[in-house]
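These notes are about the structure you will find just below.
What follows is calculated from the coordinates using simple rules that are stated; it is not laboratory data. Quantities reported herein were computed from a predicted structural model and do not represent experimental measurements. Methodologically, a virtual Cβ is constructed for each residue, glycine included, from the backbone with ideal geometry; neighbour enumeration extends over all protein chains shown.
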Amino acid sequence: RTSNGMDILQPSRKFRPGFLDDQIFLARGAYYDNSELRNTFKNLTALGVFKNIELDIEEQDSTLTARIKLVPLPKRAVTAGIEGLGNNGSLGIGGNFSWDNRNLFKGGELLRLSMGGSVTEQRNSTNNTWLIDARELNSSATLRIPKLLLPEAWLPEKSKKWSPRTEMITKVSYQFRANEFNRLNLTNRLDYHWKIGKTNHTLTPAQLSLIRIDFNTASQSTPFLFVGFQDLVFASTAYRFSETWSKAKRRYYLSADLESGGHLWNALDRDSIVSLPVSRFLKTSIDFRFYQPLVRKRELAFRSFLGMSKSWGEGAIFTPFEKSYFMGGSNDMRGWTAYHFGPGATPENLLQSDGFFTAAPIKLILSGEYRYTIQEALKGAIFIDAGNMWLYAKDYNGVFNAAQQEAITLGQFYWNTFYKQLGLNAGIGLRYDIEFFILRADLGLKMHHPGAVDRSNWVISDPKLRDLNLNIGIGYPF
């Protein structure tokens, strides 16, 4: 058949008529334009429904003939993954499963259904036994459509060349922490994605989240457990951009985002919905990365990240947990277990004795790695991480008792002390790299611990077994 000046040969009706018109920008009778060829390849690749894309240009006298061969991926696909982390005090394992239906409505759409879960065990220091400490279950449904679902009058004609897509996402998660709390989170989100030049843009005009949490009575004395843990409704708007570029063989990456919540309900003069208080907040972050190639397949990699979030409005005391940051784990402070470092100079025995995790609205992280090749698929790394997170400096009288207030004060941000509270760790890592899959193991050693108790903050001068932390994950940390 012929469509928009193109002769289309399609052995089976896998795609509806007219679908390719918005993806191919080579027009019959037009002058050759290499940028149109690049835009065509970029859009076809971004669809994620083709296994192979071949673009051939054949010259005949004064004319050119373009032949595009597209080999579709299987309509359905199943993927699964597993990851784990641990140190001498905890051990955990998690897994995920997803089912994809590509080309759902014969227009390049993607439906993805996912499920995941994790179990963490904590070692009882009294009798040296292991007990289940936390469980988490989550599921999500994502529908991706290869266009911006907006009135055409709002969009310029060239927007078709931006690899546009719309995503509608629904997520449900349930979290159980032994002797502490049970937590349910339901989220619905609408995202618009597009790319102009080398810059990726994401606009989230609407995100609605409902959070319910039930505390165990025994956990009421834990000060940090209540920092941001509340029954809430989020209604927010967000924008994010990211860009990758190269210069003199060096590679750079920059991303930034801004999210605002509660402005709609503020305009409607509403403080609650479905009997839950509405959260009002601002959140922003910036992430910069730099990669310097060296000889013999070696590389230096650096990352800096700064993030801040802030609640506002009447009665706002803490930034909600979902809009806060955490430290530790496989991607930043690798000498510490996830959620068990900071804020500020919080004493380590407080975190260990209560077994809960912490979060805070201010986060700073600086990381560096020296990456090298051991064998073709086996890579090694030497890394160093520095950073911490903090609470805002304010008076929490009336919220905590005197002892808890002292602990909270140690986690607050002050210009004259924050640099003294930067944690520092170093370590080595192994990465097994097989094309699109990277299995990673990082062993981190604490060097400077701002929350060290009964020893110097420079814990490297008197190292303990608990200062080692092993993280197992998928992909590079940055």
Please list, by residue number, everything in segment 141-181 whose backbone N is under 19 Å from a paramagnetic label point 7 Å out along Cα→Cβ of Asp214. 172-181
How big is the convex hull of the Cα atoms of segment 132-172, per residue, in Å³? 92
For the cross-link pairs Lys51/Lys198; Lys310/Lys464; Lys323/Lys394; Lys249/Lys323, which exceed 28 Å when the distance is taken from alpha carbon to alpha carbon? Lys310/Lys464; Lys249/Lys323
Per the 1/(1 + (r/R0)^6) rule, R0 = 51 Å and r from the Cβ atoms of Ser260 and Ile460, FRET efficiency to 0.05 is 0.75
Loop-located trypsin sites (Lys or Arg not before Pro) in segment 29-114 whose Cβ has at most 16 other Cβ within 10 Å (DSSP): Lys75, Lys106
What chymotrypsin sites (Phe, Trp or Tyr not before Pro) in segment 433-477 are in a loop by DSSP, with at most 13 other Cβ atoms within 10 Å of the Cβ? Phe436, Trp458
By how many nm would the segment from Lys42 to Lys247 lengthen if fully extended, with 0.36 nm per residue of separation less the alpha-carbon distance? 71.6 nm
Listing Thr417, Thr346 from the residue with the fewest other Cβ atoms within 10 Å to the one with the most, what is the order? Thr417, Thr346
Please turn the phi angles of segment 105-112 into ³J(HN,Hα) values with the Karplus equation 6.51 cos²θ - 1.76 cosθ + 1.60 (θ = phi - 60°), one per residue in order, whole Hz, x for glycine and proline. 10, 6, x, x, 6, 10, 10, 10
What's the ranking of 240-249, 55-64, 194-203 by average number of surrounding C-beta atoms within 10 Å, highest first? 194-203, 240-249, 55-64
